[in-house]
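Trainee: This is the structure I have questions about; it appears just below.
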Amino acid sequence: MAPGFFPLDDELALLPGTLTPRLQESLVRLATHIPSFAKASQEFAWLTGAHVHPDTARRHTEAAGAVLVAHETAEAARILREHPAPPCAPDTLLFSVDGAMIPLVHGQWTEVRTLAVGEVQPATPTAAGPVVRTTQLSYFSRRVDSSTFSDLATLELHRRGIEGARRVGVVVDGADWCQTFVDYQYPDAVRILDFPHAAEHVTPIAACAAEVNVRLPAATLAATGVTLSSEDPTAWCQVLKHGGPAALLPALRATVAAQPTNQELVTHLSYLEARVAQMQYPQFIADGWPIGSGMVESANKLVVEDRLKGAGMHWADQNVNPLLALRNAVCNDRWEECWTVIAREQRRAVWVKRQRQRATRQAARAPAALPPVPAPPEPVPPPAPTPPAASDAKPVHPWRRPWSVRRQRELVGAA
């Protein structure tokens with residue numbers, strides 16, 4: 001009997017492999033949540049009664065993630081090409097980008113870039129000051145270079161409606177690629193230097209201020225509401241937060257000028273002076289903006305490190321992005337939407353494979369075509385007879401001899 005496909009397979013919409021669609025989805029979801037394919041297969045067996053090898057869980061998970069990566073890459077390219085209208089128009093949108101390191105095989109490390117997007121809510125007044133919260137967070141992570149990441153992240157920013165937002169802000173650290181990302185996606189965004197990151201550059205200078213007898217003026221402390229001693233480096237950071245760079249830079253410059261040979265302090269001061277516009281913290285707070293990038297730093301742990309940076313983990317390069325795509329789907333609470341895409345594309349791949357196999361079998365069963373009948377050769381004239389040699393001459397019989405003309409004349413004369 002010739003091989004074929006059972007019609008019920010298509011009716012049941014089966015996916016590649018031996019598991020039913022629901023079991024396969026459950027296995028992939030568990031492997032996306034649990035930071036171990038072996039533990040995921042154990043939990044899968046306990047929940048469903050179906051036993052699979054950890055390698056099976058890994059193959060299904062990586063295959064599903066690869067399908068989602070391909071789909072999202074194509075969607076990002078379509079958005080960049082067609083520039084469709086934004087699907088929503090939030091009032092105040094905030095985004096932030098950062099990187100986290102994960103281990104690869106052969107002892108190598110690589111950076112995963114992550115985008116975090118959220119909607120800023122109106123500030124809530126408290127005794128300690130206004131509290132600004134960012135809600136409805138979503139994430140996008142990939143292990144790619146910064147330029148490619150800027151293109152791919154367009155998918156999530158477009159979905160969140162960055163083109164239609166009334167206000168857009170961004171909180172990042174001082175990395176150059178972060179600023180380039182903002183230039184590419186939304187150059188008019190309100191740019192805020194992450195306050196804890198700025199404090200890392202203020203504290204070393206403040207710690208050396210006492211050595212050169214530099215103090216913060218009492219008037220500056222009073223104006224900014226700081227009650228700490230000027231000898232406390234924390235007070236310098238509070239002055240920056242409540243008074244802005246204009247209130248702090250004179251003391252910073254005086255401290256560095258008193259120690260011109262300390263190149264480390266010069267570097268810290270140069271870093272801060274180059275980002276004065278991004279350190280207007282009193283104005284940012286008054287406008288209702290967060291001044292910390294905690295949402296993307298939390299995303300590094302929640303989305304990336306919780307699954308890809310466990311003890312003993314070492315990832316092959318080609319398997320990182322598929323896991324990141326699935327982690328985004330889970331952490332964004334968009335699993336059903338993303339799995340619908342994965343199942344549809346996998347079924348389409350099965351259908352295409354079957355069509356190719358069917359065409360191959362039909363071509364093999366078709367009778368071989370008869371070879372074309374060659375045209376008859378052109379007739380070749382027979383060769384001219386060659387006169388026999390004298391030694392080969394045969395005797396000529398009288399009845400074969402030609403009638404002699406001379407003999408005819410003799411007979412005529414005798415008559």
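The values are calculated or read from the model by the stated rules, or taken from the named source; none is laboratory data. Keep in mind it's a predicted model, so treat the numbers as computed, not measured. Note that we place each Cβ from the backbone using ideal geometry, even for glycine, and neighbour counts take in every protein chain shown. Quick note on the areas: whole protein, heavy atoms, side chains included, nothing else; ligands and nucleic acids left out. Shrake-Rupley method; radii C 1.70, N 1.55, O 1.52, S 1.80 Å.
Trainee: Rounded to the nearest 10 Å², what accessible area does Asp333 have for a 1.4 Å probe in the complete protein model?
Mentor: 130 Å²
Trainee: Using the Karplus equation 6.51 cos²θ - 1.76 cosθ + 1.60 (θ = phi - 60°), what ³J(HN,Hα) coupling, rounded to whole Hz, does each residue of the range 339-349 give in order, writing x for Gly and Pro?
Mentor: Couplings: 5, 4, 5, 4, 5, 4, 5, 5, 5, 5, 5 Hz.
Trainee: Just name one of Ala31, Pro125, Val304: the one whose Cα is farthest towards the positive end of the charge dipole of the chain (beta-carbon charges, Lys/Arg +1, Asp/Glu -1).
Mentor: Among Ala31, Pro125, Val304, the one farthest towards the positive end of the dipole of the chain is Ala31.
Trainee: Keeping all protein chains in place and using 1.4 angstrom, which order do Arg59, Arg160, Arg143 fall into by accessible surface area, from largest down?
Mentor: Solvent-accessible surface, decreasing: Arg59, Arg143, Arg160.
Trainee: For the chain, with the dipole built from +1 on Lys and Arg beta-carbon atoms and -1 on Asp and Glu ones, taken about the Cα centre, which of Leu47, Val144, Gln355 lies farthest toward the positive end?
Mentor: Gln355
Trainee: Per the helix-only calculation at 222 nm, which mean residue ellipticity applies to the chain, given -39500 (n - 2.57) for every DSSP H run of n ≥ 4 and division by its residues, nearest 500 deg cm²/dmol?
Mentor: The per-residue figure over the chain is -15500 deg cm²/dmol.
Trainee: Rounded if a/c is under 1.5, else prolate if a/b beats b/c, else oblate: with a ≥ b ≥ c from the C-alpha gyration tensor eigenvalues square-rooted, which is the range 71-197?
Mentor: Taking the square roots of the gyration eigenvalues as a ≥ b ≥ c, the range 71-197 is oblate.
Trainee: Right, next: For the pair Glu200 and Met101, what calculated FRET efficiency results from E = 1/(1 + (r/R0)^6), where r is the Cβ-Cβ distance and R0 = 22 Å, to the nearest 0.05?
Mentor: Rounded to the nearest 0.05, the efficiency is 0.75.
Trainee: Right, next: Need one word for the chain: rounded, prolate or oblate. Basis is the Cα gyration tensor (sqrt eigenvalues a ≥ b ≥ c); a/c below 1.5 gives rounded, then a/b vs b/c decides.
Mentor: Taking the square roots of the gyration eigenvalues as a ≥ b ≥ c, the chain is prolate.
Trainee: I've got another one for you. Is the range 166-287 rounded, prolate or oblate when judged by the Cα gyration tensor, a ≥ b ≥ c being the square roots of its eigenvalues, rounded requiring a/c under 1.5 and prolate requiring a/b larger than b/c?
Mentor: Oblate, since a/c reaches 1.5 and b/c is not below a/b.
Trainee: For Thr261, Thr126, write out the residues from largest to smallest accessible area, computed with a 1.4 angstrom probe and no ligands counted.
Mentor: Largest accessible area first, the residues go Thr261, Thr126.
Trainee: Now for a separate question. Determine the order of Arg358, Arg142 by accessible area, beginning with the largest, at a probe radius of 1.4 Å.
Mentor: These residues rank, largest area first, as Arg358, Arg142.
Trainee: Another one. Hey, what did the range 38-143 get for relative contact order, percent, Cα under 8 Å, at least 6 apart?
Mentor: Reported relative contact order: 16 percent.
Trainee: Another question, if that's okay. Rounding to the nearest 20 debye, state how big the charge dipole of the chain is about its Cα centre with +1 on each Lys and Arg Cβ and -1 on each Asp and Glu Cβ.
Mentor: 3260 debye
Trainee: Now for a different question. Expected output is a single nm value to one decimal: the length gained when fully extending between Ala363 and Arg347, i.e. 0.36 nm times separation in residues minus the C-alpha distance. What is it?
Mentor: Extra length available between Ala363 and Arg347 comes to 3.3 nm.
Trainee: What's the extension gain from Leu228 to Leu249 if we count 0.36 nm per residue and subtract their Cα-Cα distance?
Mentor: In short, 5.8 nm is gained.
Trainee: In addition: Sort the following peptides by mean Cβ neighbour count (other Cβ atoms within 10 Å, averaged over residues), highest first: 216-225, 286-295.
Mentor: The densest-packed peptide leads the list: 286-295, 216-225.
Trainee: Next question, about the same structure. Considering only the other residues whose Cβ falls under 13 Å of the Cβ of Arg344, what net charge follows from Lys and Arg at +1 and Asp and Glu at -1?
Mentor: Within the 13 Å Cβ shell, the charges total -2.
Trainee: Related question: Taking every DSSP beta bridge that has both residues in the chain, what percent is antiparallel when rounded to the nearest 5?
Mentor: So the antiparallel bridges amount to about 70 percent of the total.
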